[in-house]
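> Below: one structure in structure tokens.
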Amino acid sequence: MNRLLLASTSPFRAALLRRLGLPFDTAAPDFDECDLGPFGPPDIALAFAEGKARSLAATARARGALVVGADQVCAFGDEVLRKAETPDEAAAQLKRLQGKRHTLFTGVYVLDPVTARGAGEIVSVHMTMRSLSDDQIQRYVELDTPRGTCGGYTFEGLGLTLFERVETTAGVDDSAIIGLPLLTLAGLLRRFGVDPLA
């Protein structure tokens, strides 16, 4: 199985996956991101990534493809920030995060729909936002129009300018910030016999 099915309609995740040079399709996962109660942010991110992948198992089996699921959780201290869906929500999250540090946990999961065997990993990135005025926050939201985003920003756009420091762990590249950690995904795919250089 060298074809992939990305369980996401995010154009940013699709753009990242194209970098691996493997043929893939995208599909919207049939998965409800419900509250997982006592689970911590890393466990939630991985559970949601797996849930998205498994929701498309039948579709992937019919297409002869491995499924790739990914999800991201923004943790601010002990609190998980919900994805900002409106400009006002994005501005409110940015106001809370400005001048402070938060962590993005990105889960990625690969599923073989024929055998039901799957494997996943979590990567974390610590993000320190610079101090911002209310006017700067409002201007950013107007220019970048972040929607459905962790933390109220899109790092792949002007969101990059909001930060003074980004700390990744060894083996993690900045694709994890955008929502599909490619180094980690490439390692998972090799476990399933898929190598872009093969």
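Just so you know, all these numbers are worked out from the coordinates, no wet-lab data involved. Source: prediction; values computed, not measured. For neighbour counting, all protein chains shown are included, and Cβ atoms are generated from backbone atoms with ideal geometry for every residue, glycine included.
> Taking only the Cα atoms of region 83-198, how large is their convex hull per residue, in Å³?
Numbers: hull volume 13.2 nm³, N = 116.
Considering the Cα atoms of region 83-198, their hull volume per residue is 114 Å³.
> Same structure, new question: Give the list, by residue number, of cysteines in the chain with no other Cys Cβ closer than 4.7 Å, or say none.
34, each lacking another Cys Cβ under 4.7 Å.
> Based on Cβ point charges of +1 for Lys and Arg and -1 for Asp and Glu, what charge dipole magnitude is obtained for region 81-195 about its Cα centre, in debye rounded to the nearest 20?
340 debye
> Residue 95: which aspartates and glutamates have alpha carbons under 14 Å from its alpha carbon, excluding same-chain residues fewer than 8 sequence positions away?
The qualifying aspartates and glutamates are 134, 135.
> So, one more: Would you work out if region 2-66 is rounded, prolate or oblate? Take a ≥ b ≥ c from the square roots of the eigenvalues of the alpha-carbon gyration tensor; rounded if a/c is under 1.5, else prolate when a/b is larger than b/c, oblate otherwise. Mind dumping the intermediate values first?
Numbers: a/c = 2.47, a/b = 1.64, b/c = 1.51.
Prolate, because a/c is 1.5 or more and a/b exceeds b/c.
> Just name one of 16, 34, 51: the one whose Cα is farthest towards the positive end of the charge dipole of region 1-56 (beta-carbon charges, Lys/Arg +1, Asp/Glu -1).
In region 1-56, that residue is 16.
> Two decimals is fine: what is log10 I(q)/I(0) at q = 0.12, 0.16 Å⁻¹ for region 3-191, from a Debye sum with one equal scatterer on every Cα and no solvent?
Each listed q maps to, in turn, -0.56, -0.96.
> Could you work out the relative contact order of region 3-191, using alpha carbon pairs under 8 angstrom and six or more residues apart, expressed as a whole percent?
That works out to 22 percent.
> Roughly how many debye, to the nearest 20, is the charge dipole of the chain about its Cα centre, given +1 on each Lys and Arg Cβ, -1 on each Asp and Glu Cβ, and no other charges?
Numbers: 21 positive and 25 negative charges, 123 e Å.
About 600 debye.
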